[in-house]
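Chemist: Attaching a single structure in structure tokens format; questions to follow.
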Amino acid sequence: MNKQQVNPWSWQDRFGFSQAWRVDGADAVVFISGQGPLTADGELVADDFETQARQTFENLRTVLEDAGASFEAVVKVNVYLTDISTLRDFGRIKAEFIDGPQPASTAVQVGALALPGMMIEVEAIAAV
């Protein structure tokens, strides 16, 4: 498989994402449903953004591994935030889990998520 980062400009580097990824020769593509800050029992974790974001990425890691993938395979991330002012914190935490060139990304502020108290939901696409 060959993955090529596509960035016609450089400004996106300041914001921690790529404009696109071209993937040739992937054996599989994994589409991951929105993951949220839930425990393995489906309970919402603490009511602070950092804890919720880290739990969300731990859940994303679990799903990726069960699908035979890893964070290295992620080429696209969509994040839904109830407060867009947490976007920089999200980017910092995302970079702790996904090192190197960052996936193509979209961030959207929403009025509410699936469960009361959820502040973040992340969906992803991985090419393996």
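The values are calculated or read from the model by the stated rules, or taken from the named source; none is laboratory data. Since the model is a prediction, treat every value here as computed from it, not as a measurement. All Cβ positions, glycine included, derive from the backbone under ideal geometry; neighbour counts span all protein chains shown. Side chains included, ligands, DNA and RNA excluded: accessible areas come from the protein's heavy atoms. Shrake-Rupley method; radii C 1.70, N 1.55, O 1.52, S 1.80 Å.
Chemist: Report, by residue number, each residue of the range 101-128 that is open to solvent by 50 Å² or more (accessible area, probe 1.4 Å) and part of a loop (DSSP other than H, G, I, E, B).
Modeler: 101, 111, 112, 114, 115, 116 - these are the residues of the range 101-128 that are open to solvent by 50 Å² or more (accessible area, probe 1.4 Å) and part of a loop (DSSP other than H, G, I, E, B).
Chemist: Continuing with the same structure: Any idea which residue in the range 1-22 is farthest from residue 77 (Cα to Cα), counting only those that are open to solvent by 40 Å² or more (accessible area, probe 1.4 Å) and in a strand (DSSP E or B)? If you could, list the steps in order and put the result at the bottom.
Modeler: Applying the first criterion (open to solvent by 40 Å² or more (accessible area, probe 1.4 Å)) to the range 1-22 yields 1-11, 13-15, 17, 19, 21-22.
If we keep only those that are in a strand (DSSP E or B) as well, we get 2-6, 21-22.
Values: 2: 19, 3: 16, 4: 16, 5: 14, 6: 15, 21: 12, 22: 15 Å.
Of everything passing the filter in the range 1-22, 2 is farthest from residue 77 (Cα to Cα).
Chemist: Residue by residue through the range 23-45, note down the ones that are loosely packed, with under 12 Cβ neighbours inside 10 Å and without any contact (Cβ under 8 Å) to a residue 24 or more places away in the chain.
Modeler: Across the range 23-45, the qualifying residues are 24, 39, 40, 41, 42, 43.
Chemist: Additional query: Please work out which residue is least open to solvent (accessible area, probe 1.4 Å), limiting yourself to the range 61-85 and to residues that are in contact with an Asp or Glu (Cβ under 9 Å, 6 or more places away or on another chain) and part of a helix (DSSP H, G or I).
Modeler: For the range 61-85, the residue satisfying everything is 71.
Chemist: Of all residues in the range 12-51, which are closer than 16 Å to residue 100 by Cα and among the aliphatic types (A, V, I, L, M)?
Modeler: Within the range 12-51, just 20 meets the criteria.
Chemist: Within the range 3-21, can one find any residue that is more than 24 Å from residue 108 (Cα to Cα) and not β-branched (Val, Ile, Thr)?
Modeler: Yes: one or more hits.
Chemist: If only one of 69, 107, 53 is within 20 Å of residue 6 (Cα to Cα) and of a type outside the set (Asp, Glu), which one is it? Walk me through how you get there before you give the answer.
Modeler: Numbers: 69 fails: within 20 Å of residue 6 (Cα to Cα); 53 fails: within 20 Å of residue 6 (Cα to Cα).
The conditions single out 107.
Chemist: Does residue 53 meet the test of being in contact with a helix residue (DSSP H, G or I) (Cβ under 9 Å, 6 or more places away or on another chain) and either assigned to a helix (DSSP H, G or I) or open to solvent by less than 30 Å² (accessible area, probe 1.4 Å) (or both)?
Modeler: In short, yes.
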